[in-house]
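Remarks on the structure that follows.
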Amino acid sequence: MFEKINIPDCMVIIGLVAALVMAIFYSLNELAMSIASGLLGYIGGTVKSAAQMKGDEKNESIH
């Protein structure tokens with residue numbers, strides 16, 4: 001049910017979330033928007049590549 005947890009990806013996400021919270025607390029709106037968009041893009045790219053790798057593993061087991 002649970003896949004392996006990718007430690008480097010988790011570290012990047014935790015760091016970006018911490019930076020986002022700090023930017024919000026210090027009223028740095030432009031920085032907060034940039035961090036939020038970068039975080040969403042990073043998570044989207046990570047999920048897409050993980051799904052693609054999982055699909056490749058299934059195809060390799062069939063052949």
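The values are calculated or read from the model by the stated rules, or taken from the named source; none is laboratory data. All values reported here derive from a predicted model rather than from experimental measurement. For neighbour counting, all protein chains shown are included, and Cβ atoms are generated from backbone atoms with ideal geometry for every residue, glycine included.
Remark: pairs (first residue in region 4-28, without any contact (Cβ under 8 Å) to a residue 60 or more places away in the chain; second residue hydroxyl-bearing (Ser, Thr, Tyr) and surrounded by 11 or more Cβ atoms within 10 Å (Cβ to Cβ); Cβ separation under 8 Å; 6+ apart in sequence or on different chains) = 6/46; 9/46; 12/42; 13/42; 16/42. Inside region 1-51, residues that are exposed (fewer than 10 other Cβ atoms within 10 Å of the Cβ) and either at pLDDT below 90 or among the hydrophobic types (A, V, I, L, M, F, W, C) (or both) make up a count of 8.
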